[in-house]
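Q: My questions will all concern the structure given below.
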Amino acid sequence: MTATTTARRTIIEDLYTEALMLADEARDAFDQRGEMAPGSSRNEARIALSIEGLRTTTRLMHVLAWLLNQRAFLAGELDEHQLRRHGRLPAERPSMPGMMEKLLPETRHLVRESERLHARVARLDRDWPRVQPVEDNAVDAMRNRIAEAFAPQSLAG
């Protein structure tokens, strides 16, 4: 395993843990239908909770799906073609400011944390090379070394 693969695996696992924790917090926050921000009517608060709850959970599920695809690729369960075809992170759908102000401050904070996590994962999706070696295959590495050792030497060097 290369140092790059090891670092990538660590980043993926840390982000996966963070995403799972945020998903649990989101489930709890958006299930509390009885609480609303001051100045909001009950209907406004319910609509805001529904809209932002769907946006937040969808955002987190997209992040989790991306992370699971990365884990599967690093484990050799997905090939490069499958990762390119199914491994892209969908575009962000930011929260709606008018709805956010109807939420409790703790819930707004949670929504913002999910947006920050999505932005971090989007940077990885954009900046990491599309193709990374899964693992160093010992047999292929040995074959390559043997081929190099017995390859005709160039006299032009």
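The values are calculated or read from the model by the stated rules, or taken from the named source; none is laboratory data. None of the values given here were measured: they were computed from a predicted structure. No Cβ is skipped: glycine too gets one built from the backbone with ideal geometry, and neighbour counts run over all protein chains shown.
Q: For segment 37-53, does any single residue satisfy the condition of being buried (at least 17 other Cβ atoms within 10 Å of the Cβ) and of a type in the set (Asp, Glu)?
A: yes
Q: Could you check Gly98 against (1) under 24 Å from the mean Cα position of the chain (by Cα); (2) assigned to a helix (DSSP H, G or I); (3) not β-branched (Val, Ile, Thr) and say which number it fails?
A: (1)
Q: Which pairs turn up if I take residues in segment 101-130 that are over 17 Å from Leu68 (Cα atoms) and look for partners that are modelled with pLDDT under 95 and not in a helix (DSSP H, G or I) with beta carbon separation below 6 Å, at least 6 apart in sequence or on another chain?
A: Close Cβ pairs satisfying both conditions: Lys102/Ala37; Lys102/Ser40; Leu103/Ala37; Leu104/Glu35; Leu104/Ala37; Val111/Ser95.
Q: List the number of the failed condition for His62; all other conditions in (1) within 21 Å of the chain's Cα centre (by Cα); (2) surrounded by fewer than 17 Cβ atoms within 10 Å (Cβ to Cβ) hold.
A: The number of the failed condition is (2).
Q: From the list Ala7, Ala48, exactly one residue is at pLDDT below 95, part of a helix (DSSP H, G or I) and over 17 Å from the mean Cα position of the chain (by Cα). Which is it?
A: Answer to the check: Ala48.
Q: Follow-up question, since we're still on this one. With (1) basic (Lys, Arg); (2) at pLDDT below 90; (3) in a loop (DSSP other than H, G, I, E, B) as the list, and Arg85 as the residue in question, which single condition is left unmet?
A: Among (1) basic (Lys, Arg); (2) at pLDDT below 90; (3) in a loop (DSSP other than H, G, I, E, B), the lone unmet condition for Arg85 is (3).
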